[in-house]
Ligand code: ATP
């Protein structure tokens, strides 16, 4: 199987009631890429996926798969397959027939269907489960049957709409690795929709962070986690501390921001100018008591042990500040009463605009 690239050129999608669920978006997903669209409920993820699969048409713009314009082509005429959260397996059909279902309509005989289903079941590590009924399998196994069935029609692009959300946490984590392995083995382009940042970060080659019908940032997991370009991306992908302020001065990629908690120096990737309202962001793991050029005097208010990590919550002038340290006995001693000097390095913190996006999602997607 071979993946194809998917290109959205200025695609916007407005529903008949006049609501624009996807604002003009341009995006290129490479052939054979595991690409996730990550965003909160209602931001327009499913709407994009349905447009790629042909269940709805863009109101403006074009969708190309492997360089071919998909306008006017229904779901069956596109090289795509879609897996929903609700897997819709046929309960009275054995697993192998579920997998082979789409092949009968293509005029493929029973022997070949069975052989093809067997190959796919082996691909998803269910080679010995073909004669069982779906109800005799676990949730994760049923999920893999749905993947095998979707792959049976040899799609170039597999579209997955929150396929793991019905599974329990352990199984979900296991299935992340399985899905990633299946994607790499087949070379099919996966477009995976999720509101779970952990899923997106662990599986994807690249992630599009979506908010309110706009793709705000596209990049690798490390890009969006370590180098967020918008306040929303910084806050949605992982935990982060933020402090409101105003840019005081700028210098060569960094800026100084004045806040109620003091002045701090941090990266300034959006090249904000002095006087701009802005927000300082710093991850809890980047804050280390008594280290770094930026300092905040704070008091410890809570201490949560989370296995390998110790999560410390501080308060400074009404602002809560989270600090994550490894629970290896080397964590600095902090008692509830004494003020602590928290610190962080300028290169570990970022200053981003707080107002409307400085650039459109389209410009960001084209980065
Ligand atoms: P979820 O994770 O909850 O599925 P999503 O990001 O996939 O969310 P969409 O299903 O794409 O979001 O919906 C985006 C927006 O479009 C939502 O505000 C939703 O209410 C709206 N919407 C979806 N379908 C229609 C429709 N048929 N008519 C009008 N508005 C719709």
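Assorted remarks:
- Debye log10 I(q)/I(0) for the stretch 1-138, one point scatterer per Cα, at q = 0.15, 0.21 Å⁻¹: -0.89, -1.22
- Three-way shape call for the stretch 17-78 based on the alpha-carbon gyration tensor, with the a/c threshold at 1.5: oblate
- Legend: ranking of residues 154, 104 from fewest to most surrounding C-beta atoms inside 10 Å; resulting order 104, 154.
- Two-decimal log10 I(q)/I(0) for the chain, as the Debye equation yields it once each C-alpha is a single scatterer, q = 0.10 Å⁻¹: -0.73
- Annotation: extensible slack from residue 106 through residue 30 equals 24.5 nm (criterion: 0.36 nm per residue apart, minus Cα-Cα distance).
- Secondary structure note: in the stretch 6-226, about 50% of the DSSP beta bridges are antiparallel.
- Rg/Rg_ref, the stretch 240-359, where Rg_ref = 2.2 N^0.38 Å and atoms are Cα: 1.09
- The stretch 197-302: C-alpha gyration tensor shape, a/c 1.5 cut-off, then a/b vs b/c: oblate
- Over all pairs of different C-alpha atoms, the stretch 194-238 has a mean inverse distance whose reciprocal, the Kirkwood radius, equals 10.2 Å.
- Exposure proxy ranking, count of Cβ atoms within 10 Å, fewest first, for 216, 320: 320, 216
- Residue order, fewest to most beta carbons within 10 Å, for 167, 38, 160, 305: 305, 167, 160, 38
- In degrees, nearest ten, helix 110-123 long axis to first principal axis of the chain (Cα): 20 degrees
- Cα-based convex hull volume of the stretch 103-239 per residue, rounded to whole Å³: 127 Å³
- Pairwise FRET efficiency - residue 166 versus residue 305, Cβ, R0 = 35 Å, nearest 0.05: 0.70
- Two-decimal ratio, the stretch 44-123, of alpha-carbon radius of gyration to 2.2 N^0.38 Å: 1.34
- Computed from Cα positions, the angle between helix 95-104 and the longest principal axis of the chain comes to roughly 70 degrees.
- Helix 169-186 axis, angle to the chain major axis (alpha carbon atoms, nearest 10°): 60 degrees
Every number in this text was worked out from the coordinates using simple rules, so none of it is lab data. What you see is a predicted model, and the numbers here were worked out from it, not measured in a lab. With ideal geometry, Cβ positions are generated from the backbone for all residues, glycine too; neighbour counts draw on all protein chains shown.
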